[in-house]
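Here is the structure we will look at, set down as structure tokens.
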Amino acid sequence: IADKTALVRVVAYDLNDPAIVTRLEKLKKRLWIIIDNSKDHKPDTSAESQAAERLTATAGTEQVKRHHMSNLQHNKTIVVDGTDVKAAVCGSTNFTWRGQFVQSNNAVVVRGNKAIQPFIDAFENYRENDFVKGFGPTDSTGWHSLEFSGIDVKVTFSPHSKDEGVLQSIADDILSAKSSVFYSLAFLNQTGGAVTDAIKEVTKKEGIFVYGVSDKRTGGLDVHL
């Protein structure tokens, strides 16, 4: 808000925290936002529809978009691109009171011109595509380095059009661990596939410290709650 040069791009799934909506209103024409309109978010009485109406009044019709990416649009990202601030907020935290203060979520902030560019590109691809077949082939569904020095950090964006997306590459990273693996995964008890198999396998390896958090106990794994 203070950096008058900053453009702010937001992709929201749940959006019902009035404090956040009020701040977004202050950006006026510097805000571009996509808000999910699947299921409970679609009715005119929903918090998301009310937020969209308020933000349309301040930012303009062209800059507030509703869609559900074939089924639901589940991202929670904020990208600030200005002279003073270049930052992207991402993670599992919805822009709600429960998401911030009740649920166990994560929010990651990355900073730097190169680090935020993949998020900006993904936002534009989301704006252009409201269906998996359209977004899936875009460059955003590949891996992109955030180009930090001294640490290998990459990001990719869903939905992917191919089966299992990039899960195998994540599994390969898990299995390549030399000292430790830390994870926080919801729905681990009901989700099979390459990542789950890799976690089970690496847990059995001698000399690798594995520590994880899940929302329910998972058969075959000692999960710390």
**Report entry** Neighbours by Cβ (under 8 Å, 6+ apart or cross-chain): first from region 15-39, at positive phi and touching a residue at least 24 places away in the same chain (Cβ under 8 Å); second open to solvent by 30 Å² or more (accessible area, probe 1.4 Å) and assigned to a helix (DSSP H, G or I)
**Finding:** 28/58
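Against the condition of a type in the set (Ser, Thr, Tyr) and closer than 30 Å to residue 131 by Cα, how does residue 161 come out, does it pass? So that I can check it myself, show each step before the final result.
Working: of a type in the set (Ser, Thr, Tyr): yes; closer than 30 Å to residue 131 by Cα: yes.
Yes; evaluated as a whole, the condition is true for this residue.
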**Report entry** residue 149 being open to solvent by 80 Å² or more (accessible area, probe 1.4 Å) and polar (S, T, N, Q)
**Finding:** yes
Query raised in the report: residue 133: surrounded by fewer than 16 Cβ atoms within 10 Å (Cβ to Cβ) and assigned to a helix (DSSP H, G or I), yes or no?
Result: yes
Report task. Could you please find all residues in region 171-193 being surrounded by 18 or more Cβ atoms within 10 Å (Cβ to Cβ) and outside any loop (DSSP other than H, G, I, E, B)? Result -> 171, 174, 181
Requested in this report: Can you give me the ranges of the strands (runs of 3 or more DSSP E) entirely in region 1-87 with at least 1 residues that are open to solvent by 50 Å² or more (accessible area, probe 1.4 Å)?
Outcome: 7-12, 31-36, 64-67
**Report entry** Long-range neighbours under 8 Å by Cβ, at least six apart or interchain, first residue closer than 22 Å to residue 125 by Cα within region 50-66, second surrounded by fewer than 15 Cβ atoms within 10 Å (Cβ to Cβ) and basic (Lys, Arg)
**Finding:** 59/28; 59/29; 60/29; 63/29
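Tally time: how many residues in region 194-214 are touching a helix residue (DSSP H, G or I) at 6+ places or on another chain (Cβ under 8 Å) and either modelled with pLDDT of 90 or more or open to solvent by 70 Å² or more (accessible area, probe 1.4 Å) (or both)? Lay out the reasoning, then the answer.
Here is the first cut: in region 194-214, the residues touching a helix residue (DSSP H, G or I) at 6+ places or on another chain (Cβ under 8 Å) are 194-195, 197-199, 201-202, 208, 210, 212.
This time we only want the ones that are either modelled with pLDDT of 90 or more or open to solvent by 70 Å² or more (accessible area, probe 1.4 Å) (or both), so: 194-195, 197-199, 201-202, 208, 210.
The total comes to 9.
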Requested in this report: Only one of these is modelled with pLDDT of 95 or more, small (Gly, Ala, Ser) and more than 30 Å from residue 63 (Cβ to Cβ): 176, 184, 145, 140. Name it.
Outcome: 176
Report summary line: With criteria (1) touching a strand residue (DSSP E or B) at 6+ places or on another chain (Cβ under 7 Å); (2) surrounded by 13 or more Cβ atoms within 10 Å (Cβ to Cβ); (3) modelled with pLDDT under 95, residue 224 comes up short on (2)
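In this structure, is residue 217 modelled with pLDDT of 95 or more and of a type in the set (D, E, K, R)? Walk me through how you get there before you give the answer.
On the way: modelled with pLDDT of 95 or more: no; of a type in the set (D, E, K, R): yes.
In short, no.
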Query raised in the report: Scanning region 157-170 for residues that are in contact with a helix residue (DSSP H, G or I) (Cβ under 6 Å, 6 or more places away or on another chain) and either of a type in the set (A, V, I, L, M, F, W, C) or assigned to a loop (DSSP other than H, G, I, E, B) (or both), which turns out least open to solvent (accessible area, probe 1.4 Å)?
Result: 157
Query raised in the report: Checking residue 108 against (1) among the β-branched types (Val, Ile, Thr); (2) surrounded by 14 or more Cβ atoms within 10 Å (Cβ to Cβ); (3) within 25 Å of residue 154 (Cβ to Cβ), which single condition isn't satisfied?
Result: (2)
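The values are calculated or read from the model by the stated rules, or taken from the named source; none is laboratory data. What you are looking at is a predicted structure, and each value in this text was computed from that prediction instead of being measured. Here Cβ is always computed from backbone atoms with ideal geometry, including for glycine, and neighbour counts include all displayed protein chains. Just the protein is used for accessible areas: all its heavy atoms, side chains included, with ligands, DNA and RNA removed. Shrake-Rupley method; radii C 1.70, N 1.55, O 1.52, S 1.80 Å.
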